Structures are given as structure tokens and as C-alpha cells.
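The values are calculated or read from the model by the stated rules, or taken from the named source; none is laboratory data. Quantities reported herein were computed from a predicted structural model and do not represent experimental measurements. Cβ sites come from the backbone with ideal geometry, for glycine too, and all protein chains shown count toward neighbours.
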Amino acid sequence: MKVILAQDMESLGLGGEIVNVAKGYARNYLIPRGMALEATEQNIRLTEMQRKNIEIKRIKAKEDAVKLKERLSGVSVTIAQKVGEEDKLYGSVTTMDIAEQLEKQGITVERRRITLDKPIKSLGEFSATVKLHPEVTAPVKVIVVPEP
């Protein structure tokens, strides 16, 4: 089934593109959530008229992502956690913990946009990646220290 994406989706494509997806996926997920429109003649013409606005929004979003990347370039996050024997953490450091620490520094990032190479379960320095835009990612240094 052909649909027109209403927003950028990492797995499918950019907003305004016409993509082919399974009928059930379109009817049960994309269309009810407003992520896509059925690719009818009328919707295609409407999208063509709006394409200029979509491009302007996409360019502005990328510029904002580049600015945020510059702010994140020198940022490091220090997280204090309870430690057991052999410097093993009780639990692990999650993307939610990293997002909270970034928020305290005045940088708002959705936790879903933060990715870790592997779970952080010990003390030390680690790196996390923040996906700000499909074409822009920023590394963040995460330092895990023992809780006093």
C-alpha cells in the first residue's frame, strides 16, 4: 500500500515522501497515529503544494540540530551511583539518567535519542551518542563515579 509520510521516520523515509508499506502497518499504525496519509490523487496534490514548507522545516530542523551539536561537543555528564564489590554498580546507568543530567545542564534531549554502545554497569568513562537529526549525531562523555 502506498502512503505519504507526514513526518520523518528513521526506518521509512522523510516527511512528504511516498513509500510502499504493508497494508496492515498502514491501516493499523501509521494512518491512525497521523504519521502517514493514504496516497490518493488528492493527498498527493496537497503534499506537492506543501512540499516547499516541508523543505523549509527540514532545513530549520537540521540547523537547530547542528547548533545543539555544538553545545553538546564539550559536555560531559557525571553520574553518581551506588557501588558494590569490585566497583560493580547496583543496577545500571540508563539513557534516562543521562537525559536528566543533561537537563540539569540546560540541554533538553529526549531519552529515546540517546544510544549507548553497551549497558553501563561499572565505574569509569563511557561515551553515548545523541541522534539529533537523521544526518546529525553528537557524542556525549559519561563519567560514572561512586555515590558518597
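It is to be established whether one or more residues within the range 68-81 are in a strand (DSSP E or B) and among the hydroxyl-bearing types (S, T, Y). Explain how you work it out, then say what you get.
Pass one, the range 68-81, residues in a strand (DSSP E or B): 76-81.
Still in the running and among the hydroxyl-bearing types (S, T, Y): 76, 78.
Yes, the range 68-81 has at least one match.
From A36, A26, A61, grab the single residue that is at pLDDT below 90 and not β-branched (V, I, T). Steps first, please.
On the way: A36 fails: at pLDDT below 90; A26 fails: at pLDDT below 90.
Answer to the selection: A61.
Has the range 89-100 got any residue that is assigned to a loop (DSSP other than H, G, I, E, B) and either touching an Asp or Glu at 6+ places or on another chain (Cβ under 7 Å) or within 14 Å of A65 (Cα to Cα) (or both)? Outline the logic, then answer.
Within the range 89-100, the subset assigned to a loop (DSSP other than H, G, I, E, B) is 94.
This time we only want the ones that are either touching an Asp or Glu at 6+ places or on another chain (Cβ under 7 Å) or within 14 Å of A65 (Cα to Cα) (or both), so: none.
The answer is no; no qualifying residue exists.
Of the residues that make up the range 51-73, is at least one farther than 30 Å from I98 by Cα and either among the polar types (S, T, N, Q) or in contact (Cβ under 8 Å) with a residue 60 or more places away in the chain (or both)?
Taking the range 51-73 and keeping what is farther than 30 Å from I98 by Cα, we get 51-56.
Those left that are additionally either among the polar types (S, T, N, Q) or in contact (Cβ under 8 Å) with a residue 60 or more places away in the chain (or both): 53.
Checking the range 51-73: at least one residue is farther than 30 Å from I98 by Cα and either among the polar types (S, T, N, Q) or in contact (Cβ under 8 Å) with a residue 60 or more places away in the chain (or both).
Surrounded by 13 or more Cβ atoms within 10 Å (Cβ to Cβ), in contact (Cβ under 8 Å) with a residue 60 or more places away in the chain and among the aliphatic types (A, V, I, L, M) - does that describe any residue in the range 82-105?
Yes: one or more hits.
Could you please let me know if R45 is charged (D, E, K, R), in contact (Cβ under 8 Å) with a residue 12 or more places away in the chain, out of contact with any Cys (no Cβ under 9 Å at 6 or more places or on another chain) and not assigned by TED's automatic domain parsing to the domain that holds L102?
Values: charged (D, E, K, R): yes; in contact (Cβ under 8 Å) with a residue 12 or more places away in the chain: no; out of contact with any Cys (no Cβ under 9 Å at 6 or more places or on another chain): yes; not assigned by TED's automatic domain parsing to the domain that holds L102: yes.
In short, no.
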